[in-house]
Amino acid sequence: MNELHNILPPELNKAFESLDFEENGDLTVYGINFTSRGTELNFTLKVDFGKGSEMQEWKMIVENCVDLKIDFDNIGEYFHFYDEHFLLYEFEDENVELYIKNNTENSEKLLSEIYQLHLNTFDNLFNLEKFINGENLNKVCKANNGLFARGPKKILDFYFKILDNNQTNPYFYGSHRPKKWIGNKWEEIQEKYQLAILGKNYFIGTKFEFEKAT
């Protein structure tokens, strides 16, 4: 993962880095709008400078947002930005299909190991069964053979290792660049996307801008 540190405007960055915010500050999301400018995340920032608190209203504008996850129960206190991250693989890595030739002797162990992978490696940032065939992990873990998952190879490589350790004899098939629907047909993705993470919330787009309410 490669974290970016030049996205936030100086005023907002200074507020986040202040000891006052760390000890007494608060970030609260109060709305998301989808506008012609992009996807807008509206939030307030409370900073206590020792002489009373200051409440600021901000918005983050995500241009060309292709994916997002909203979890208002898990709002963090700081934004993190990346141009290399496993959440970006879907839009930049080759897409493949992952098959198995044999069933495992212990499907519950296989299921548990994949669950732990999502918990420990992927931090549960995307749905456990997002890339699983039929979106039914329990079913494919019990299968004798066939398609296990399809998606970005860098994600499926993790599955491959677990499947191999469970004697299912996995293998990859096919390969194509990630695509998106443009007009009336699928075309290869040309854009370079970036990622913003706030707690368990994330946004993927080509550019992030911040505006302070006047």
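If you average the sequence gap of Cα pairs under 8 Å that are 6 or more apart and divide by the length of the chain, what percent do you get for the contact order?
Across the chain, relative contact order equals 30 percent.
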For this session: Please grab the % of Cα pairs in the chain that end up more than 24 Å from each other.
Result: 52 percent
Problem set entry | Karplus-derived 3J(HN,Hα), 6.51/-1.76/1.60, for each residue of region 91-103, Hz, glycine and proline x | 10, 9, 9, 4, 9, 9, 10, 10, 10, 10, 9, 10, 8
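Rounded to the nearest 20 Debye, what is the dipole magnitude of region 93-177 about its Cα centre when Lys and Arg each give +1 and Asp and Glu each give -1 at the C-beta? Display every interim value, and only then the final one.
On the way: 10 positive and 11 negative charges, 34 e Å.
It comes to approximately 160 debye.
So what's region 93-177 giving for Rg/Rh, alpha carbon basis, Kirkwood Rh from the mean inverse pair distance? Mind dumping the intermediate values first?
On the way: Rg = 11.7 Å, Rh = 12.6 Å.
Checking Rg against Rh, the ratio lands at 0.93.
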Problem set entry | Lysine pairs in region 93-177 with Cα atoms under 22 Å, if 8 or more residues apart or on separate chains | 20
Seminar exercise, completed: For region 93-177, percent of DSSP beta bridges that are antiparallel (nearest 5) comes out at 100 percent
Exercise. Per the helix-only calculation at 222 nm, which mean residue ellipticity applies to the chain, given -39500 (n - 2.57) for every DSSP H run of n ≥ 4 and division by its residues, nearest 500 deg cm²/dmol?
Worked result: -6000 deg cm²/dmol
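Quick one: compute the contact order of region 93-177, relative version, from alpha carbon pairs under 8 angstrom and 6+ residues apart, as a percent.
On the way: 133 pairs, mean separation 47.9, N = 85.
Relative contact order, region 93-177: 56 percent.
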Exercise. With the chain treated as a Gaussian network of Cα nodes joined by springs under 10 Å, which of N124, N184, N166 yields the largest mean-square fluctuation?
Worked result: N184
Problem set entry | Ranked packing of 26-36, 150-160, 130-140, most packed first, by mean Cβ within 10 Å | 150-160, 130-140, 26-36
Exercise. If you place +1 on the Cβ of every Lys and Arg and -1 on the Cβ of every Asp and Glu, how big does the dipole about the Cα centre of the chain come out, in debye to the nearest 20?
Worked result: 920 debye
Exercise. Per the Kirkwood treatment, what hydrodynamic radius in Å, one decimal, follows for region 31-116 from the mean inverse distance over all distinct Cα pairs?
Worked result: 17.8 Å
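Readers should treat all values here as calculations from the given coordinates under stated rules, not as data from a laboratory. Because the structure is predicted, anything quoted here is derived from the model rather than measured. All Cβ positions, even for glycine, are placed from backbone atoms using ideal geometry, and neighbour counts span all protein chains on display.
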